[in-house]
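Supplied in structure tokens, the structure appears directly below.
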Amino acid sequence: MVSTAAEIAASVRAGQLDPVQVAKEALDRIAAADGVVGAFRRVRSAEALEEAAAVATRPDLASLPLAGVPVAVKDVTEIAGEYASHGSLAGSSSPFEEDGVIAARLRAAGAVLVGLTRVPELCVWPMSDTPDGIARNPWDPTYASGGSSGGSAAAVAAGLVPLAHGTDGMGSVRLPAAMCGLVGLKPGAGELSEGGWFGMSVHGPLATTVEDAALLYSVLAGDPSLASVPSPSAVRIGMSTTVPLLHTPVPRELVAAVSQAAGLLASAGHAVTPAAPRYPATMVLGMTARWLAGPAVQAADFDFARFQRRTRTHVRVGRLLSRAGLIRSSTRDRWVARAAEFFASHDVLITPTLSHWPVKAGRWHEKRWLANVLPSTRLAGFTGQWNFAGYPAITVPVGRSARSGLPTSVQLVGRPGEESLLLGLAAQLEAANPWPRTARS
């Protein structure tokens, strides 16, 4: 089984592991398994070995938090010498001349960037397939690995790399993390904001342990103190398994995961009671309008005629909503006020992460828009509202379905700025209920 990122980095810093050998082993795993898993759009084999060799000779090696750690990055990332496809054939394939902030911070921390992971076109969907491949769930490859950070989740859950970068605009870190049995953190709007989708999208880590998630989060945020996972004192936790406003049925095993996690947290000394925010009726309309209009803004940099047909429809609808003036700050303000009301009397909210099981893996990009919308909205009922509000949220594995064998998970939501509290609670769940780190475990 692949060592954790923290273990690899510690061994490299101590001179016990050669970064080049670590990179070779990761590339060998990718070569052996990615033909099935489909996690990567581009594997940087030669470049990764060169980067690893450079890490080995760095004068600051002994202080690098990700020394020699192979990391996968989502195919939206600016990397010198590479282009970001955003899952599309309609964009530019001209390579970037220099690293963007994310790649620069990863390199500065000693990470080795082994490849760019598969995403759906413009990162719109919770399934990650493109004309040249399908990102599959390592626990059962007949299922999708999620999206839009589906390739990143598949790479980590398959044990190809210990860590991966993702972005989350409506659940795009948390949903694939939940489907693949990983820890996935969506920071609040003030941390690692990507600026896309009218401020809803942020960068975040996918990992097999809470320690690794905190480590990557600290590097992405450029704040080493965030790598420290606290042991939280008793907090007030509201528990809800009802899909906000829509009240669609949630599979029994996903509900049971919340009850199990709530019991573990109560045993750790936290006060857990049934409770949920008073979700305003306009919340779903507000976040959905941004999900539609956000990619429409991004589409200005692409060749519209070369988009997939589902994307063309999505962009057209998004442009109509923008022209109609439906992206209103008042809608978000109303929801934020209701969220603040809930968090005045609760410190954390626990819910399922998924409101339905993952869809089957397939060529979803060939289907019509509505055929993608319906299953997408059915499984993402608990996530997008927290992007809309700008609150941090984390996905934590709990167990596995007795019927399908797929992972089950919970979502923890906290106030703005309380990412470390969420990581601390996640660590308590991990200690009380250890999960298999990868599908290869």
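The values are calculated or read from the model by the stated rules, or taken from the named source; none is laboratory data. Only a predicted model underlies this, so the values are computations on that prediction, with no experimental measurement involved. So basically every Cβ, Gly included, is an ideal-geometry build from the backbone, and we count neighbours across all protein chains shown. These accessible areas exclude ligands, DNA and RNA; they are computed on the full protein's heavy atoms, side chains included. Shrake-Rupley method; radii C 1.70, N 1.55, O 1.52, S 1.80 Å.
Just need a number here: residues in region 295-318 that are out of contact with any Pro (no Cβ under 8 Å at 6 or more places or on another chain), part of a helix (DSSP H, G or I) and farther than 17 Å from T377 by Cα.
Result for region 295-318: 12.
Is at least one residue of region 75-93 surrounded by 24 or more Cβ atoms within 10 Å (Cβ to Cβ), charged (D, E, K, R) and closer than 30 Å to G399 by Cβ?
no
Now a separate question. So, in region 222-257, exactly how many residues are under 16 Å from G414 (Cβ atoms) and under 21 Å from the mean Cα position of the chain (by Cα)?
Number satisfying all stated conditions: 2.
Results for (1) at pLDDT 95 or above; (2) within 17 Å of A111 (Cα to Cα); (3) in a helix (DSSP H, G or I); (4) open to solvent by 10 Å² or more (accessible area, probe 1.4 Å), shown as yes or no for each residue.
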| position | (1), (2), (3), (4) |
| --- | --- |
| H203 | yes, yes, no, yes |
| E211 | yes, yes, yes, yes |
| L216 | yes, yes, yes, no |
| L220 | yes, yes, yes, no |
| S225 | yes, no, yes, yes |
| P230 | yes, no, no, yes |
| S233 | yes, no, no, yes |
| I237 | yes, no, no, no |
| L245 | no, no, no, yes |
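Would you please list the contacts, defined by Cβ atoms under 8 Å and residues six or more apart or on different chains, that run from a residue in region 65-85 that is at pLDDT 95 or above to a residue that is surrounded by fewer than 24 Cβ atoms within 10 Å (Cβ to Cβ) and among the aromatic types (F, W, Y)?
E78/F96; I79/F96; A80/F96; G81/F96; E82/F96; Y83/F96; A84/F96
Restricting attention to region 131-143, does a residue exist that is β-branched (V, I, T), open to solvent by 10 Å² or more (accessible area, probe 1.4 Å) and modelled with pLDDT of 95 or more?
Yes, some residue in region 131-143 is β-branched (V, I, T), open to solvent by 10 Å² or more (accessible area, probe 1.4 Å) and modelled with pLDDT of 95 or more.
May I ask you to list the residues in region 21-48 that are open to solvent by less than 30 Å² (accessible area, probe 1.4 Å) and either of a type in the set (S, T, N, Q) or out of contact with any strand residue (DSSP E or B) (no Cβ under 8 Å at 6 or more places or on another chain) (or both)?
A33
Quick one: which helices (runs of 4 or more DSSP H) lie wholly within region 328-441 and hold at least 1 residues that are modelled with pLDDT of 95 or more and more than 20 Å from the chain's Cα centre (by Cα)?
Counting at least 1 such residues, we get 329-345, 369-379, 419-432.
Could you go through region 213-230 and let me know if any residue there is touching a residue at least 12 places away in the same chain (Cβ under 8 Å) and among the acidic types (D, E).
no
So, of the residues in region 61-80 that are of a type in the set (A, V, I, L, M, F, W, C) and in a loop (DSSP other than H, G, I, E, B), which turns out to be nearest to G195 (Cα to Cα)?
V76
If R309 passes every condition in (1) open to solvent by less than 60 Å² (accessible area, probe 1.4 Å); (2) over 25 Å from the mean Cα position of the chain (by Cα); (3) more than 30 Å from L163 (Cβ to Cβ) but one, which one does it miss?
For R309, the failing item is (1).
Which pairs do you get when a residue that is open to solvent by 10 Å² or more (accessible area, probe 1.4 Å), found in region 377-395, comes within reach of a residue that is part of a helix (DSSP H, G or I) and at pLDDT 95 or above, reach meaning Cβ atoms under 9 angstrom, with the pair 6+ apart or on two chains?
T377/T288; A380/L175; Y391/V336; Y391/A339; Y391/F343; Y391/Q385
The rows are residues; the columns are (1) open to solvent by less than 10 Å² (accessible area, probe 1.4 Å); (2) basic (K, R); (3) over 17 Å from A39 (Cα atoms).
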residue: A154; (1), (2), (3): yes, no, no
residue: D168; (1), (2), (3): yes, no, yes
residue: R174; (1), (2), (3): yes, yes, no
residue: V183; (1), (2), (3): yes, no, yes
residue: P187; (1), (2), (3): yes, no, yes
residue: G190; (1), (2), (3): no, no, yes
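Could you run through region 101-129 and say how many residues are surrounded by fewer than 23 Cβ atoms within 10 Å (Cβ to Cβ) and β-branched (V, I, T)?
Residues that pass the stated criteria total 2.
Restricted to region 272-305, and to residues that are among the aromatic types (F, W, Y) and open to solvent by less than 50 Å² (accessible area, probe 1.4 Å), which residue is farthest from S240 (Cα to Cα)?
F302
Further question: Using the structure shown, decide if S330 is of a type in the set (S, T, N, Q), surrounded by fewer than 19 Cβ atoms within 10 Å (Cβ to Cβ) and free of Cβ contacts under 8 Å to residues at least 60 places away in the same chain.
So S330 passes the test.
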